[in-house]
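Input: a single structure, listed below in structure tokens.
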């Protein structure tokens with residue numbers, strides 16, 4: 001028999017320093033830290049949870065992995081925003097690095113890397 005409730009959907013991102021990367025993403029996702037979560041042990045994992053009533057993934061977890069990132073990831077986060085330019089500047093100040101910018105009117109698509117080198121896209125009008 002199928003489970004009657006839909007699954008909670010989250011994503012896990014590998015990185016060498018979960019604390020640093022979680023702080024970066026907390027600022028830009030608006031998600032909340034819940035340190036009472038049982039899997040946040042010994043700094044191996046840090047999870048951010050979607051505030052109730054806000055659309056989005058249920059959670060994003062950052063997992064300590066010592067192996068360096070090699071090549072392009074097969075999945076990444078897309079952040080769709082109303083005004084991209086000021087958020088882009090804040091992301092750079094917070095430790096993101098730019099990779100590529102595509103002007104696709106009416107939006108600008110920017111590929112960046114978070115402080116751990118994970119690529120993501122910031123998409124929206126300037």
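Read-outs: derived from the displayed coordinates by stated rules, not from any lab. Please read these numbers as outputs of a predicted model, since none were measured by experiment. Here the Cβ positions follow ideal geometry from the backbone for every residue, glycine too, while neighbour counts run over all protein chains shown.
Let me make sure I get this right: for the range 76-126, a, b and c are the square roots of the gyration tensor eigenvalues over alpha carbons, sorted descending. Under 1.5 in a/c it's rounded, otherwise prolate if a/b > b/c, else oblate. Which is it? Verdict is prolate for the range 76-126. Between 86, 16, 51, the Gaussian network model of the chain with springs among Cα atoms under 10 angstrom shows the greatest mean-square fluctuation at 86. Contact order, relative form, for the chain: 24 percent (alpha carbon pairs under 8 Å, 6 or more residues apart, mean separation divided by residue count).
Helices in the chain, meaning DSSP H runs of at least 4 residues, each add -39500 (n - 2.57). Divided by all residues, the mean residue ellipticity at 222 nm is -5500 deg cm²/dmol.
Each DSSP beta bridge with both residues in the chain is either parallel or antiparallel, and the antiparallel ones are about 65%. Counted by neighbouring Cβ atoms within 10 Å, the residues 36, 17 run from fewest to most as 36, 17. Subtract the Cα-Cα distance of residue 99 and residue 27 from 0.36 nm times their separation in residues, and report this length gain in nm to one decimal. My answer for the length gained is 23.9 nm. R0 = 22 Å: FRET efficiency of residue 45 with residue 90, Cβ-based, nearest 0.05? That pair, residue 45 with residue 90, gives E of 0.30. Ordered by the number of other Cβ atoms lying within 10 Å of each residue's own Cβ, fewest first, 121, 15 fall into the sequence 121, 15.
Enter the angle in degrees (range 0 to 90, nearest 10) between the Cα long axis of helix 84-93 and the first principal axis of the Cα atoms of the chain, meaning the one along which they spread out most. Computed tilt is about 70 degrees. Relative contact order of the range 1-66, taken over Cα pairs closer than 8 Å and 6 or more residues apart, is 45 percent. Going through (1) 9.9; (2) 13.5; (3) 7.3, the figure that equals mean projected area of the Cα convex hull in nm² as computed for the structure here is (1). In this simple spin-label approximation, residue 113 and residue 5 carry label points 7 Å from Cα along the Cα→Cβ vector, and these lie 4.0 nm apart. Residues 80, 25, arranged from fewest to most other Cβ atoms within 10 angstrom of their Cβ, appear as 80, 25.
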